[in-house]
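Read the figures in this text as sums done on the coordinates, not as results from a lab. Everything numeric in this text was worked out from a predicted model, so none of it was measured. Cβ sites come from the backbone with ideal geometry, for glycine too, and all protein chains shown count toward neighbours.
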Amino acid sequence: MWIGVVSLFPEMFEALTRQGVTGRAVEKGRIDLEFWNPRDYATDRHRTVDDRPYGGGPGMLMKVDTLRAAIHDARSRAEIATGQRPKVIYLSPQGRRLDQRGAGELASGPPLVVVAGRYEGIDERVVEADIDEEWSIGDYVLSGGELPAMVLIDAAARLVPGVLGHQDSALEDSFNDGLLDCPHYTRPEDVEGRRVPEVLLSGHHGAIRRWRLKQSLGRTWLRRPDLLEGRTLNDEQRELLEEFIEEYAP
Ligand SMILES: CN1CCN(C(=O)c2nonc2N)CC1
């Protein structure tokens with residue numbers, strides 16, 4: 001998957017390009033990440049990249065010409081590198097809320113150009129002319145778009161085939177198939193008297209699968225019942241959830 005990033009702080013993205021799952025994916029060529037910095041398009045002595053808002057008020061906006069030039073070059077590069085027109089995304093609290101389904105859509109869609117805003121944001125005419133979709137990682141205000149951009153890129157990249165060493169781990173992650181993840185355990189078997197559930201030591205793979213599914217269903221019921229609304233459970237899932245509820249509130 002090809003992803004272009006427009007950011008005043010491309011070095012922040014080394015957390016993605018040099019570490020972990022995404023770092024290995026970049027190294028293996030499963031993910032191509034390229035960067036454009038609006039500051040590289042500034043022509044004045046101070047390399048200005050911000051500008052004052054019409055109508056006054058606190059803060060600055062990203063300067064239109066340097067931002068647009070960076071977006072346009074990223075878009076052109078995407079078309080050369082992939083033969084496809086990219087989807088240009090801007091991160092902002094006004095955008096569609098990112099969830100696992102949205103990450104899946106992005107992972108299976110066209111190449112992306114991800115625009116990370118700074119200051120108070122970007123001119124609305126740039127949104128209208130150059131941005132295809134606005135996305136948000138949550139209802140809070142951050143200092144810039146780089147962290148949201150990295151969240152979006154990481155969530156999507158994990159779902160690109162071949163990125164995860166063991167594809168199952170993506171499926172077992174929370175929010176895959178729409179349920180919260182089950183509890184996990186590793187050595188030692190006893191931590192200050194808290195023992196690993198015996199089923200996980202049994203080697204009985206069928207029982208282990210059912211236990212994990214039951215725990216996922218039960219946790220989702222307890223912590224995020226909204227995720228179960230409108231969801232049709234199959235016979236096994238319904239039976240396991242009923243068992244969990246019975247044990248939880250006998
Ligand atoms: C200009 N800049 C303001 C802060 N910002 C966010 O708070 C944000 N982005 O995506 N989800 C969010 N929440 C990004 C853009």
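Give the range 131-148 a look and list any residue that's more than 8 Å from the ligand (Cβ to nearest atom) and buried (at least 19 other Cβ atoms within 10 Å of the Cβ), or say none.
Scanning the range 131-148 gives I131, E146.
One line per residue, one yes/no per condition, for (1) hydrophobic (A, V, I, L, M, F, W, C); (2) within 25 Å of the chain's Cα centre (by Cα):
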| site | (1), (2) |
| --- | --- |
| L201 | yes, no |
| I208 | yes, no |
| L217 | yes, yes |
| D226 | no, yes |
| L241 | yes, no |
| F244 | yes, no |
| A249 | yes, no |
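Could you identify the single residue in M1, M12 that is of a type in the set (A, V, I, L, M, F, W, C) and over 30 Å from L179 (Cβ atoms)?
M12
I want to confirm something. Restricting to the range 119-130 and keeping residues that are part of a loop (DSSP other than H, G, I, E, B) and touching a helix residue (DSSP H, G or I) at 6+ places or on another chain (Cβ under 8 Å), which single residue is nearest to the ligand (Cβ to nearest atom)?
That would be I122.
Residues being surrounded by 10 or more Cβ atoms within 10 Å (Cβ to Cβ) and either aliphatic (A, V, I, L, M) or outside any strand (DSSP E or B) (or both): count how many of those fall in the range 185-206.
Final tally of qualifying residues: 11.
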